[in-house]
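Some notes on the structure that comes next.
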Amino acid sequence: MNVAKHPARLTIINQTAFNPDAVLGQAERLMRAVTSVLVGIAISAQALALDLGSLSNADAVRGLKDALTQSTAAAVSKLGVENGFLANDKVRIPLPDALKRVESGLRLLGMQRQADELITAMNRAAEQAVPEAKTLLVGAVKNMSVEDAKGILTGGDTAATEYFRKTTSEQLAQKFLPVVTKATAKVGLAEKYNTLAAKGAQLGLVDAKQARIENYVTQKTLDGLFLMVAEQERAIRKDPVGSATGMAKKVFGLLGR
């Protein structure tokens, strides 16, 4: 086509090729869109900051207390019953390493029944000991500072569990040990293990923490308890509406928004 012969068409083509007003209009619309997004982000961040700021010290502690009470109650109810440890692969207590290494030998020597009895006794001991934890764990909240509470609320997925571990492990071990000792003392292999493990520990062949069966079971009971408390804490943080009630739901729901 000869453009020179069609000036009107030339005008249309030139306007289509470059229209300053259209370009400016598009730029303005783009800037308005970007500004709107940035303002929206700023407003959301400000709202969250205001929400967190409006969380009173009393609310923070009350929400955390609710969460911890619910977590410990759930953990204890799952573990402190028959087969709470024995039938739960996550926390089931195995033979100590020193015995585990010779477990097949024990079974070959006709001591399978004794080995099985010891495994059962260790887990039954843990199941009997765990209910002792509830009062101590809930009581730990009373000694919690406001700074501790807010740090836990805004901390990692298991911040509360780690607080428990740090502040209650020693007391829990003292509570668990007599219960565990009484339960494991009924199994003959436990005493034989203690005798042999003590000699092994002196020679550096057995971990000192596993030199007595009752100490080993007590530590494994603590590990299992804190594992289950951590699971409950994660559930509340992930889904406070479905996993928590009362003030815990309100506080963790706010932080999770």
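Each reported figure results from applying straightforward, stated rules to the coordinates on display, with no laboratory input. A quick note: this is a predicted structure, and the numbers were derived from the prediction, not measured. Here Cβ is always computed from backbone atoms with ideal geometry, including for glycine, and neighbour counts include all displayed protein chains.
Counting Lys and Arg as +1 and Asp and Glu as -1, what is the net charge of the other residues whose Cβ lies under 11 Å from the Cβ of THR69? Write out the running numbers ahead of the final one.
Details: positive: ARG62, LYS65, LYS134; negative: ASP66.
In short, +2.
What is the fewest-to-most order of GLU147, GLU214 by other Cβ atoms lying within 10 Å of their Cβ? Before the final figure, lay out the partial values.
Values: GLU147 10, GLU214 21.
With the fewest neighbours first, GLU147, GLU214 line up as GLU147, GLU214.
Considering only the other residues whose Cβ falls under 15 Å of the Cβ of GLU82, what net charge follows from Lys and Arg at +1 and Asp and Glu at -1?
+2
Starting from the Cα of LYS100, draw a straight line to each of the lysines and keep only those under 25 Å, dropping any in the same chain fewer than 8 residues away.
Reachable lysines: LYS90, LYS182, LYS186, LYS192, LYS199, LYS209, LYS220.
With only alpha-carbon atoms in the gyration tensor, what are the semi-axes of the equivalent ellipsoid for segment 57-255, in Å, largest first?
37, 16, 13
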